[in-house]
1. Rounded to the nearest 20 debye, what is the charge dipole size of chain A about its Cα centre when +1 sits on each Lys and Arg Cβ and -1 on each Asp and Glu Cβ?
2. Enumerate by residue number the trypsin sites (Lys or Arg not before Pro) in region B:2-52 meeting two conditions: DSSP loop (anything except H, G, I, E, B), and at most 14 other Cβ atoms within 10 Å of the site's Cβ.
3. Which whole-number percent of Cα pairs in region B:332-459 have a distance greater than 25 Å?
4. Counting other C-beta atoms within 10 Å, and keeping those with at most 15, which DSSP coil trypsin sites (Lys or Arg not before Pro) do you find in region B:81-143?
5. Compute, for region B:26-93, the length of the dipole vector about the Cα centre, with Cβ point charges of +1 (Lys, Arg) and -1 (Asp, Glu) only. Units Debye, rounded to 20.
6. Let a ≥ b ≥ c be the square roots of the eigenvalues of the Cα gyration tensor of region A:64-194; is it rounded (a/c under 1.5), or, if not, prolate (a/b larger than b/c) or oblate?
7. At a Förster radius of 41 Å, what calculated FRET efficiency corresponds to the Cβ-Cβ distance of B:LYS139 and A:ILE349, to the nearest 0.05?
8. Return the whole-Å distance between the Cα centroid of region A:210-260 and the Cα centroid of region A:326-344.
Amino acid sequence: MVLKLIMERKIVKAKAFIENSLKYFSFIHLLLNRLLVLIIAFLLLTVLLILTKQNFLEIYYILAKSSILTLGGIKSSLRWMTPLLFAGLAVAIAFKGGVFNIGVEGQLYVGAFASTWACITFPFLSKILLIPLSFLAAIIAGSIWAFIPILLKFKFKANEIITSLMLNYIAILFTEWLVRYPYAAPGTAGEAVATVNIPEAAHLAKLMQGSQVTSGLIIGLFLCIIMFLLIKWTKLGYMINQVGTNAIFSKYIGINPARISYIVMIISGSIAGLGGAVEILGVQWRYITKFTIGLGFDGIVVSLLANNNPLGVVIASFFMGALKSGSFGIERRIGASRALVTVLQGIIIALITIQQVYMYRKKEISS
Amino acid sequence: MKEIPSVELINIVKRFPKAIANDHVNFVCYPKLIHSVVGENGAGKTTLMNILYGMLQPDNGAIKIKGKEKKINSPADAINCGINMVHQYMLQMPDLTILENIIMGQIPRDGIIIGKKKAEDEINKIIESHNFNLKLEKKIRELSIGQMQQVEILKCLYKGGDILIFDEPTSVLTSMETKRLFNILRSLANKGYTIIFISHKLNEVFQISDYISVMRTGKLLGTMKKEDTTPNEIVRLMIGRSMSSRIVKKEAPPGNVILRIDKLSVKGLHNTLPIKNLSLEVREREIIGIAGVEGNGQKELVDALIGLRKVHKGKIYVDNICINNFDNAQRRKMGIAFIPDDRINIGSNMDSSVVENLCALKLVLSSQLQNGLIINSKKVAEVGWDLVQSYNIKVKDIYEPINNLSGGNIQKVLLARELSANPKLLIAYQATYGLDIAATNYVRKQIIKARETGFGTLLISADLDEILMLSDKILVISTGQIVGSFSSEEVTEDMIAPFMLGLKRQF
């Protein structure tokens with residue numbers, strides 16, 4: 001009995017020691033934590049697959065093969081990683097500043113459409129002018145779309161989660177209307193729900209032969225690094241951090257939290273809009289309705305996995321890109337449902353949320 | 001008294017990471033009596049009641065109910081023991097009827113359908129026997145706050161408890177409603193219920209109680225029969241005369257007026273005016289102490305000064321410039337430093353490192369720590385270590401999370417940040433609240449030092465001892481107004497107490 005007590009005390013002490021020492025290596029801590037989350041998520045998915053009498057070994061094998069085990073798989077993973085980088089980073093930056101931007105999906109759409117519009121309106125421009133112009137159009141469109149919910153929040157106290165979510169549907173359906181009527185490809189009645197192709201001058205350069213990996217990936221990685229530096233080493237980054245973690249404190253030391261929220265949302269919307277442009281100029285080459293298949297929402301999972309850390313977004317978006325690529329693989333090769341990956345994402349979200357709620361409650365009790 | 005006590009709390013200890021909330025508390029109460037627990041916010045009375053009600057578990061100590069030792073692990077256990085709590089904020093569904101709200105969570109059955117009729121009869125009986133003014137089919141939305149509270153009491157009676165805890169029940173009531181509540185409490189006590197009444201409004205406590213217990217900084221200092229004590233004695237116990245060492249102040253002639261508040265009014269909840277027509281002045285090298293029982297407008301005054309709350313009427317001048325419409329950054333730049341009462345949530349950011357907290361003002365309000373757009377981390381570290389040393393803050397590393405520090409060291413971080421920003425005016429609100437004696441003395445010495453270097457200080461505290469010790473001039477606040485003004489040489493606690501209670505006023 002006494003021995004048991006001593007043992008228990010030792011375990012508690014060891015745990016506290018590990019926790020304390022890990023606090024200083026927060027990035028490694030985060031990595032280990034997320035690895036654990038993924039292992040548990042895969043275990044739960046396995047249980048689900050066994051219960052539904054599916055051959056999980058085969059599914060996992062194909063999933064890995066079409067995402068990381070073959071060159072083709074890796075190419076495809078990187079292709080999907082690209083838009084997820086932008087979407088994940090957009091969500092992460094907003095979260096950092098304490099704003100919940102659930103409207104990344106809509107911002108991707110308006111950005112994508114604006115960039116397409118620029119390309120088909122000024123097709124005569126050279127590559128050097130056309131690509132920056134279409135990026136600029138996307139940034140403006142995306143940031144305006146992100147600005148609306150935050151404006152509504154401070155003018156009318158409307159919750160930005162609801163408004164930004166609702167604006168997604170407006171963006172999706174409005175752009176669909178645009179390509180059905182005013183911008184339908186000439187000679188069609190809009191049934192293709194797509195614009196004409198953009199001029200070749202606007203295509204982004206390919207990084208790997210026979211793949212859809214473009215220079216968009218480089219732009220995304222570059223943005224992640226820039227955002228990391230911004231958060232870590234600038235006054236604005238410091239203020240974003242303070243507002244995001246304790247708004248009352250930030251107000252008390254002389255920051256205007258509302259202004260920071262506006263700035264953060266504009267940055268977030270710009271990144272999302274740019275993501276839409278990269279998808280069009282890199283892969284789609286025309287605006288086609290519902291092209292994102294929920295990439296904006298996947299961005300939320302990326303950001304959650306990365307704990308809103310811009311560098312973490314790089315790793316998380318590769319993982320999510322690989323999953324996406326793998327999901328197409330299992331659907332194509334063995335006819336298993338692509339939704340399996342959505343289930344996995346759901347489990348991941350649930351696990352991280354549970355963990356955070358638990359930690360939050362622990363904090364509440366202790367203070 | 002030979003009767004078996006209905007509640008006995010024996011040697012209750014409850015520690016929180018940064019404070020001890022209940023320090024060997026012994027508390028006894030008997031049926032048919034109304035027992036009050038008074039104390040300032042944070043004295044530990046809510047923690048004690050949460051332990052009795054099963055919301056918190058004590059680290060040490062025992063609970064006896066009607067002479068039998070019980071383990072209360074949850075509110076459900078407490079209700080089984082006959083203990084019920086009437087919460088300060090009412091938890092009711094506005095669109096359901098009174099009846100539906102009362103039977104919620106404990107639905108009576110009549111075969112397989114809900115036994116509404118039976119419950120209705122039962123509750124109506126309770127209503128009649130206690131003279132409640134309620135009709136069960138009315139919706140909660142249509143009720144006044146006083147009636148909502150009656151519903152809450154009814155809920156407890158219906159659950160069948162005979163020990164009722166009222167947590168600051170009068171804080172939301174008008175005086176008429178308070179009177180009615182007290183009638184109900186008295187009639188309940190006469191019928192054999194045990195009533196525990198938590199409050200910091202002393203006049204009400206004296207109206208209603210049979211016994212009064214006083215808590216301060218986690219300790220229960222004593223339980224007195226109402227007839228054997230006076231409000232002055234209770235105030236003295238509540239506010240305390242700690243054994244801290246005297247602090248020597250140098251002579252310093254006051255200089256120019258730094259802060260002038262002119263007929264300030266501030267709006268509160270439900271269109272009340274927690275601050276009414278308040279005027280005061282603070283000069284250089286002068287500490288103005290504001291004494292008062294907590295909840296008399298101190299918080300609202302401070303919020304208005306620092307810019308967390310809008311001014312309703314009147315003007316605030318700093319250096320003869322009206323700052324009514326200045327935002328926080330502008331006020332900071334005018335030279336206002338501020339030590340808030342809540343050092344964990346307002347005064348520091350627990351999710352940041354020590355150095356990020358230390359340099360917050362310098363980073364936000366100036367560009368002295370920057371190289372162009374980039375933060376100069378070397379300079380930041382220099383300033384950080386410098387402040388850590390000169391304010392004697394105990395840290396392993398300036399990059400460690402501030403969350404690791406003790407309350408006293410967190411307060412030192414706050415002081416270091418505020419005082420090193422070259423302010424002219426220091427507003428200290430409950431600056432030593434919850435600190436141990438060493439840290440308390442340290443903070444007080446820093447405030448005195450700030451006075452010598454030319455600051456004007458507005459010291460707002462519920463700790464009368466602190467006010468008497470530090471201030472050059474003492475103002476007493478009661479119901480949002482200054483009711484007395486004393487110079488520090490001539491004043492004693494006994495002179496101030498009646499002003500604090502609102503029994504006397506000079507103006």
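1. Details: 31 positive and 12 negative charges, 232 e Å.
Result for chain A is approximately 1120 debye, rounded to the nearest 20.
2. Values: sites: B:LYS2, B:LYS14, B:ARG15, B:LYS18, B:LYS32, B:LYS45; in loops: B:LYS2, B:LYS18, B:LYS32.
Sparse-neighbourhood loop trypsin sites (Lys or Arg not before Pro): B:LYS2.
3. Values: 1540 of 8128 pairs.
Across region B:332-459, Cα pairs with separations above 25 Å total 19 percent.
4. Working: sites: B:ARG109, B:LYS116, B:LYS117, B:LYS118, B:LYS125, B:LYS135, B:LYS138, B:LYS139, B:ARG141; in loops: B:LYS135, B:LYS138.
Loop-located and lightly packed - B:LYS135, B:LYS138.
5. Details: 7 positive and 4 negative charges, 64 e Å.
The calculation lands at about 300 debye.
6. Numbers: a/c = 1.67, a/b = 1.10, b/c = 1.53.
Oblate shape, in that a/c is at least 1.5 and b/c is the bigger or equal ratio.
7. Values: r = 38 Å, r/R0 = 0.93.
Step by step, r from the Cβ atoms, then E = 0.60.
8. Here the answer is 34 Å between Cα centres.
Each value in this text was obtained by applying a stated rule to the coordinates, not by laboratory testing. Only a predicted model underlies this, so the values are computations on that prediction, with no experimental measurement involved. Cβ coordinates were reconstructed from backbone atoms using ideal geometry, including for glycine residues, and neighbour counts include every protein chain displayed.
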